[in-house]
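The values are calculated or read from the model by the stated rules, or taken from the named source; none is laboratory data. None of the values given here were measured: they were computed from a predicted structure. So basically every Cβ, Gly included, is an ideal-geometry build from the backbone, and we count neighbours across all protein chains shown. SASA here: full protein model, heavy atoms, side chains in, ligands and nucleic acids out. Shrake-Rupley method; radii C 1.70, N 1.55, O 1.52, S 1.80 Å.
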Amino acid sequence: MDIFNRSITTLNINSDIKAKLLKLSICNINDLKYFTPTKLAEEINIPVILAESIFEQINYDNIKPISGLELYTNELKKINSIQTFCKALDNMLEGVTVNGIPLGKITEFCGPPGIGKTQLGIQLSVNVQIPKMCKGIEGKAIFIDTEGSFMIERVIQIANSTVDYIKENYPNYKNDSFNLNSILSNIQYFRVHDFQEQIALINILENYIISDSMIKVIVIDSIAFHFRQTFSSMSLRTQILNNIAQILMKIADKYNIAIVIMNQMTMKFQRMKEDPANKEESLLVPALGESWGHASTNRFILSTTDDQMIRKIFLQKSPNNKQGIAYYQITNDGVRDV
Ligand SMILES: Nc1ncnc2c1ncn2[C@@H]1O[C@H](COP(=O)(O)OP(=O)(O)OP(=O)(O)O)[C@@H](O)[C@H]1O
Ligand SMILES: [Mg+2]
């Protein structure tokens, strides 16, 4: 069916007006294209406001086809990621609409104690709120704290620095609705004390998201904490973690939310290959085993360097980006480039 040939009889207008239009040989909506509401009102002797209501029903833009190039250009205008304030890190996850931590996917940061996982989680909870005018997505955050390391004083510090950053970099942004109070109120904080609470929360997470469509990032800091020592049955643990992964994947995809998972590192012992004495070597690997490794879309490994201030981030796994290394630092203001 030719959409431009839709009959005017399909419009929601009274039969007198329809008759007047037909008398003027206006049979389908394409024939109305040559009229303005004022001109039509004059021609068929109806109030302009009534003519306008006819045109409101015909949104020509909606029925025009769109070329592949236009589609691509429109895609480019969308922002589908959260910036970290470390450009080197953002650039590692580059796509058509992505430059930073992607919405709709699970991104995992694994690293030893003190490397900056919690700092990164706080920075993302703040940065997800950056106004659209300043290349942000103006969303809200959920922060799930399993370790008790979410320090409100530090959140305030990072939030204040982010507000200053926006003021400096976007002097044309005069609206002061992005401020410390708004930032703090847009972070929903959950403290989880044991693995039962963690499972229960993950199971009801979707309800929170349905009640607030502005939530665009969920940080879990950390996923492993309650699943490491206390678990006697490894198969039960794998089963629970698989279930958690399924729920998180569904939430990320269905609601276009960035799920950011912090994970610890653990020592793995394995037999050294090609060693006649068959000695064991130890490797530092992300906690929770290989099965959990499939849960995330992107996986980063954080580590120290010889310089105390500079930390290294390695993109170990990504479906559409090559492996790579970047450097970042944790400053008084939060996560920053080196
Ligand atoms: N105000 C600040 N100024 C500069 N650096 C800071 C500040 N606050 C924290 N840091 C840095 O962040 C580090 C702590 O990072 P963070 O707590 O995020 O580590 P983590 O990876 O979450 O560790 P864990 O596995 O123990 O939870 C500190 O060691 C310090 O180097
Ligand atoms: Mg931490």
- Item | Residues of the stretch 29-56 that turn out to be of a type in the set (Phe, Trp, Tyr) and either within 18 Å of Thr10 (Cβ to Cβ) or surrounded by 15 or more Cβ atoms within 10 Å (Cβ to Cβ) (or both), as a count | 2
- Task: Sort out which residues of the stretch 159-196 are of a type in the set (Gly, Ala, Ser) and in a helix (DSSP H, G or I), and write them in order of number.
- Result: Ala159, Ser161, Ser182, Ser185
- Message: Restricting to the stretch 1-28, and then to whatever is open to solvent by less than 70 Å² (accessible area, probe 1.4 Å) and of a type in the set (Gly, Ala, Ser), can you tell me which residue is nearest to Pro65 (Cα to Cα)?
- Response: Ser7
- Members of the stretch 188-225 that are within 16 Å of ligand 2 (Cβ to nearest atom), open to solvent by 20 Å² or more (accessible area, probe 1.4 Å) and either of a type in the set (S, T, N, Q) or within 23 Å of Ser296 (Cβ to Cβ) (or both): Tyr189, Phe190, Phe225
- Across the stretch 131-158, what is the number of residues that are at pLDDT below 95 and not in a loop (DSSP other than H, G, I, E, B)? 3
- Item | Positions within the stretch 110-162 being within 9 Å of ligand 1 (Cβ to nearest atom) and hydroxyl-bearing (Ser, Thr, Tyr), in sequence order | Thr118, Ser149
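Per-residue answers, yes or no, for (1) more than 14 Å from Met92 (Cα to Cα); (2) in a helix (DSSP H, G or I); (3) within 15 Å of ligand 1 (Cβ to nearest atom):
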{"residue": "Asn278", "(1), (2), (3)": "yes, no, no"}
{"residue": "Leu283", "(1), (2), (3)": "yes, no, no"}
{"residue": "His294", "(1), (2), (3)": "yes, no, no"}
{"residue": "Ser303", "(1), (2), (3)": "yes, no, yes"}
{"residue": "Asp306", "(1), (2), (3)": "yes, no, no"}
{"residue": "Lys312", "(1), (2), (3)": "no, no, yes"}
{"residue": "Leu315", "(1), (2), (3)": "no, no, no"}
{"residue": "Asn320", "(1), (2), (3)": "no, no, no"}
- For Thr146: the one exception among (1) open to solvent by less than 20 Å² (accessible area, probe 1.4 Å); (2) within 14 Å of ligand 2 (Cβ to nearest atom); (3) touching a strand residue (DSSP E or B) at 6+ places or on another chain (Cβ under 6 Å): (3)
- Note on the structure: Glu206 vs (1) closer than 23 Å to Leu120 by Cβ; (2) charged (D, E, K, R); (3) more than 16 Å from ligand 1 (Cβ to nearest atom): all pass except (1)
- State yes or no: is Gln119 in a helix (DSSP H, G or I), open to solvent by 10 Å² or more (accessible area, probe 1.4 Å) and either under 26 Å from Ser177 (Cα atoms) or hydrophobic (A, V, I, L, M, F, W, C) (or both)? yes
- Note down all Cβ pairs under 9 Å where the first residue falls in the stretch 197-219 and is part of a strand (DSSP E or B), the second is among the acidic types (Asp, Glu) and open to solvent by 40 Å² or more (accessible area, probe 1.4 Å), and they're at least six residues apart or on different chains. Lys216/Glu138
- Residue check: is Ile251 touching an Asp or Glu at 6+ places or on another chain (Cβ under 7 Å), open to solvent by less than 90 Å² (accessible area, probe 1.4 Å) and either charged (D, E, K, R) or not in a loop (DSSP other than H, G, I, E, B) (or both)? yes
- Item | Tabulated pairs, the stretch 106-126, first in contact (Cβ under 8 Å) with a residue 24 or more places away in the chain, second acidic (Asp, Glu), C-beta under 7 angstrom, 6+ apart or interchain | Lys117/Asp221; Thr118/Asp221; Gly121/Asp221
- Could you check, for the stretch 259-274, whether at least one of its residues is away from ligand 1 (no atom under 16 Å from the Cβ), under 28 Å from Ile199 (Cβ atoms), at pLDDT 95 or above and touching a helix residue (DSSP H, G or I) at 6+ places or on another chain (Cβ under 6 Å)? yes
